[in-house]
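The values are calculated or read from the model by the stated rules, or taken from the named source; none is laboratory data. Just so it is clear, the model here is predicted, and its values are computed rather than measured. Here the Cβ positions follow ideal geometry from the backbone for every residue, glycine too, while neighbour counts run over all protein chains shown.
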Amino acid sequence: MNLRYSKIYSIVLWLFFSQEVWAGQLAVIVHPDNTNQLSKAEISRIYLGKTKFFPNGSKAEPINQSVKSELKMIFDKSVLEKSASQINAYWARLLFTGKGKPPRTFNSDQAIINYVANNENAIGYINSDSVDLKVKVITMFNR
Amino acid sequence: MKISSKLIPYFFLCFVDYSWSITGMSEYNVSGFASFVGGKVISSDTNCPLVANSDCFVADYHNVGIYDKDITFSPESTIGFQISVSSLFIDNPINVIVQTIARGTEEWETSLDWAFIEYELSPTWQIRFGRERIPLGYYSDFYEIGYSYPWVRPPSEVYFWQFSKLDGIKIIHENFFKDWNYRASLYFGEENDEANKFFSELSRFVFFETLDYQFKNIVGLTFESNKNWLDMRAAMMTGELDITQNRLKLGAFVLNDTTVFSTRDVTYGGLSINVDLNNFILLSEAGRLQSEINLRTINTDTYMVSVAYRWNNLTPYILFSSLDSIDEITLQPDKFSTISLGIRWDLSYATAFKFQIDRTNDDSEALISTTTVQDSPRFGNATLVSIGIDTIF
């Protein structure tokens, strides 16, 4: 794709994402080369460390928003369907028995986009307003 | 101050830059947990064999966490630190975990509770070498992580077994099938701990002897499976317990210092079923420990049932637990049960406050013998009030 087309493409996408309907939603993002389709249950399994793989067998590395972020609260509630303290208690059991470790966290949408854009195995979630072309949105959740 | 000076080395952990490593290809993480618990026995009908002229409540057999008439904070307060190291070489996946725990019962001396190297044979198979817990009960592995369960402590009736450190090898397989995750492990090893504290204290007080225990030839299996709201676990274990009794030359019973050796064959089987419907929680566990010494069998049956309800930041709960142990030859029963009422209050994402009242009924038949040590003489009926704060960091 030459530069001009990609620019047009991004303008179209920008228009698309700036629509009222997408505004202020939670977007789950992966690397552009990641072709997996994920259900809510599958995203939840990856974020709870119950599987370390995407459905196509490639390794999955979940990335979390920081504990203080409002988006994490929304993700915990609507995707994982648990409270923050339930999730922390869950991870404490795994971490202190060597069974697993909680997802790596980043402090901003931009940091998550940068990480996901550079790591084929990564999966993250951000404000839909922050989405850019470096990453691919696989699903959206209402806030 | 004594306490803080022992913890000083750990404060330096906070200032180390963990981004470096020898190979430049490892990831370091430091994390930890702490519980500060205070308690007081408010009523009791018997003087305790372990605390001179006082009531008592045994909250933790393994670490000899015993409350008495005074408000005390040492029986169950703990602080633990863990360093986890993961190799980032994709074709050489190795994890190292080191966990030390300082306990109020040990005057905040630290002990090395976990230290193992895990090699990932494949994405679903791992092998561990080193020290970890003997995974007898559901809560054995994370007994000290108060933040991870509703109560102040897992019930001592079910967690009465005094051996916990496994030095050995563990093979782990984990995978999932449809909605179900499962994890199976097979382990071999021995407990290489110091003289068993609880039995030693008890026999020193009651029988004027010291005891050395070695728990060896341990072989065990665990199988756990869970889906969203249901969590089940089964465990089995066998092992040999070598006991060395060193009787002291004291009083009329023993004329000279003598040493007596004996071996017990120990077998354990247990089952746990837990339901978590987000608001409503049911936690249950049952087990049998069989101890055989020269064809004489002692069966100890334990179980617990707990119901809790999560209501925003508050989780009130009720817990019932029971231990029933019988020696097939002497027919002396050790029989006690505890009913506990309490509430957990989540103060933040990582800190919870707890308040709990326990009432233990001891229906054991007290028997003082000069030749054999009873696993638990009568401690008496007792009511304990405890408060605690649990955190993870």
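Residues of the range B:89-141 being in contact with a helix residue (DSSP H, G or I) (Cβ under 6 Å, 6 or more places away or on another chain) and within 14 Å of another protein chain (Cβ to nearest Cβ), which ones? Of everything in the range B:89-141, those that are in contact with a helix residue (DSSP H, G or I) (Cβ under 6 Å, 6 or more places away or on another chain) and within 14 Å of another protein chain (Cβ to nearest Cβ) turn out to be B:Arg133, B:Pro135.
Here is a yes/no grid of residues against (1) modelled with pLDDT of 85 or more; (2) within 30 Å of B:Asn294 (Cα to Cα); (3) of a type outside the set (A, V, I, L, M, F, W, C):
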site	(1), (2), (3)
B:Val307	yes, no, no
B:Asn313	yes, no, yes
B:Ile326	no, yes, no
B:Ile368	no, yes, no
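Exactly one residue out of B:Arg288, B:Arg344 is in a strand (DSSP E or B), within 14 Å of chain A (Cβ to nearest Cβ) and modelled with pLDDT of 95 or more, and it is B:Arg344.
Quick grid of which residues meet (1) out of contact with any Lys or Arg (no Cβ under 9 Å at 6 or more places or on another chain); (2) crowded, with 23+ Cβ neighbours inside 10 Å; (3) polar (S, T, N, Q); (4) modelled with pLDDT of 95 or more:
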| position | (1), (2), (3), (4) |
| --- | --- |
| B:Tyr147 | yes, yes, no, yes |
| B:Pro155 | yes, yes, no, yes |
| B:Asp193 | no, no, no, no |
| B:Lys197 | yes, no, no, no |
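With respect to the conditions (1) within 22 Å of A:Lys77 (Cα to Cα); (2) surrounded by fewer than 16 Cβ atoms within 10 Å (Cβ to Cβ), A:Lys134 lacks only one, and its number is (1).
Does A:Pro55 count as in a strand (DSSP E or B) and more than 11 Å from every other protein chain (Cβ to nearest Cβ)? For A:Pro55, the condition - in a strand (DSSP E or B) and more than 11 Å from every other protein chain (Cβ to nearest Cβ) - is not met. The set of residues from the range B:268-281 being exposed (fewer than 14 other Cβ atoms within 10 Å of the Cβ) and part of a strand (DSSP E or B) comprises just one member, B:Phe280. Checked against the criterion of being in a loop (DSSP other than H, G, I, E, B), polar (S, T, N, Q), over 16 Å from A:Ile46 (Cβ atoms) and out of contact with any helix residue (DSSP H, G or I) (no Cβ under 6 Å at 6 or more places or on another chain), the range A:96-107 contains one or more residues that satisfy it. List pairs: first residue in the range A:79-90 and more than 8 Å from chain B (Cβ to nearest Cβ), second residue of a type in the set (S, T, N, Q) anywhere in the structure, Cβ distance under 6 angstrom, at least six positions apart or on different chains. Short answer, once both residue conditions are applied: A:Val79/A:Ser44; A:Leu80/A:Ser44.
When restricted to residues that are surrounded by 16 or more Cβ atoms within 10 Å (Cβ to Cβ) and among the aromatic types (Phe, Trp, Tyr), the range B:284-312 contains 1. Against the list (1) surrounded by fewer than 16 Cβ atoms within 10 Å (Cβ to Cβ); (2) within 14 Å of chain A (Cβ to nearest Cβ); (3) not aliphatic (A, V, I, L, M), the condition B:Ser262 fails is (2). The requirement of being under 26 Å from B:Gln82 (Cα atoms) and either more than 9 Å from chain B (Cβ to nearest Cβ) or within 11 Å of the chain's Cα centre (by Cα) (or both) is satisfied by A:Ile46.
Considering the range B:74-130, the residues that are over 22 Å from B:Tyr143 (Cβ atoms) and of a type in the set (D, E, K, R) include one that is surrounded by the most Cβ atoms within 10 Å (Cβ to Cβ), namely B:Glu120.
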